[in-house]
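The structure appears below as structure tokens.
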Amino acid sequence: MNVPWSGGAAPQAPVFSAVVLAAGMSSRMQGQHKLLLPVGGEPAVRRTVSALVAAGPAEIVVVTGFHGRAVMEALDGLPVRFQANPRYEEGQMTSVAAGVAALAAPCDIVLVCLADQVLLTAEDYRAYAAMPRGSILVPAFKGQRGNPVAFSVSYAAEVISGHINPGCRKLIAEHPDEVFIHEAVHDRFTTDMDTPEDYERMVARLAERPPVLAR
């Protein structure tokens with residue numbers, strides 16, 4: 001089921017919090033930790049989190065695992081909290097559950113964000129968080145699903161328990177009244193960097209436009 005970016009009378013903007021998944025092992029990056037690679041003169045993870053900070057969430061929890069100390073150092077000075085995931089090698093959903101469980105500030109919406117989506121801007125996050133209430137939202141571009149996944153905080157307990165994986169294809173297929181697909185007008189929601197070639201393309205694209213960041 002598709003839903004427009006926004007619709008109807010504009011109610012008060014929902015309060016959103018963000019969980020940033022930064023625990024992965026960068027297994028396809030040929031020995032480099034992708035989140036620490038320089039992008040626009042700073043580590044990739046810092047660029048991503050800075051854009052989130054500028055979007056004005058109630059809270060940001062960064063989930064760490066592989067090279068967790070280095071990730072924390074790369075984010076020094078930013079207003080975030082860290083949550084270690086000792087089970088990060090078991091898969092991304094363990095980090096989602098750990099991050100959502102660590103949220104403490106009241107909010108309406110939870111965004112589960114990838115730490116390597118350095119093209120997303122504060123405006124992208126802010127607009128995306130204005131989702132239909134009581135639902136799960138997944139972005140897509142030309143048939144490709146992307147991130148972040150956003151969900152109503154009412155799903156938090158089920159996400160923490162593992163009963164719901166909000167980005168799961170099965171959930172999207174079986175619950176069309178709960179899961180909405182946002183058809184984006186650009187590919188920033190579907191672009192991350194897993195390989196050295198991805199990284200080179202990302203750096204080249206960012207060199208073509210000025211950054212939109214918080215400091």
* To do: State whether the residues of the stretch 5-16 include one that is assigned to a helix (DSSP H, G or I), free of Cβ contacts under 8 Å to residues at least 40 places away in the same chain and either of a type outside the set (D, E, K, R) or touching a Pro at 6+ places or on another chain (Cβ under 6 Å) (or both).
  => no
* Of the residues Cys113, Cys107, which is part of a loop (DSSP other than H, G, I, E, B) and surrounded by 17 or more Cβ atoms within 10 Å (Cβ to Cβ)? -> Cys107
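Tell me whether the stretch 194-214 contains one or more residues that are outside any helix (DSSP H, G or I) and at pLDDT 90 or above.
Yes, some residue in the stretch 194-214 is outside any helix (DSSP H, G or I) and at pLDDT 90 or above.
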* To do: Please state which of the following conditions Ala157 fails to meet, knowing it meets all the rest: (1) among the hydrophobic types (A, V, I, L, M, F, W, C); (2) at pLDDT 80 or above; (3) under 17 Å from the mean Cα position of the chain (by Cα); (4) over 22 Å from Ala55 (Cα atoms).
  => (3)
* Asked: Give me the pairs: first residue in the stretch 29-44 and open to solvent by less than 60 Å² (accessible area, probe 1.4 Å), second residue modelled with pLDDT under 90 and basic (Lys, Arg), beta-carbon distance under 9 Å, and six or more apart or on different chains, which are they?
  -> Lys34/Arg28
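Per-residue answers, yes or no, for (1) modelled with pLDDT of 95 or more; (2) aromatic (Phe, Trp, Tyr); (3) closer than 25 Å to Ser152 by Cβ:
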position	(1), (2), (3)
Gln30	no, no, no
Lys34	yes, no, no
Pro43	yes, no, no
Arg46	yes, no, no
Pro106	yes, no, yes
Cys113	yes, no, yes
* Please enumerate the residues belonging to the stretch 144-163 that are touching a residue at least 12 places away in the same chain (Cβ under 8 Å), surrounded by fewer than 19 Cβ atoms within 10 Å (Cβ to Cβ) and outside any helix (DSSP H, G or I). => Gln144, Arg145, Gly162
* Asked: Does Met131 satisfy the condition of being part of a loop (DSSP other than H, G, I, E, B) and either in contact with a Phe, Trp or Tyr (Cβ under 6 Å, 6 or more places away or on another chain) or modelled with pLDDT of 85 or more (or both)?
  -> no
* Asked: Can you find a residue in the stretch 67-80 that is within 19 Å of Ala156 (Cα to Cα), open to solvent by 20 Å² or more (accessible area, probe 1.4 Å) and modelled with pLDDT of 95 or more?
  -> no
* Check on Pro139, closer than 17 Å to Val62 by Cβ and either free of Cβ contacts under 8 Å to residues at least 60 places away in the same chain or of a type in the set (Lys, Arg) (or both) -> no
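The values are calculated or read from the model by the stated rules, or taken from the named source; none is laboratory data. Bear in mind the structure is a predicted one, so any value in this text is a computation, not a measurement. Positions of Cβ are generated from backbone atoms using ideal geometry, with glycine treated the same way; all protein chains shown enter the neighbour counts. Surface accessibility is based on the protein's heavy atoms, side chains included, excluding ligands, DNA and RNA. Shrake-Rupley method; radii C 1.70, N 1.55, O 1.52, S 1.80 Å.
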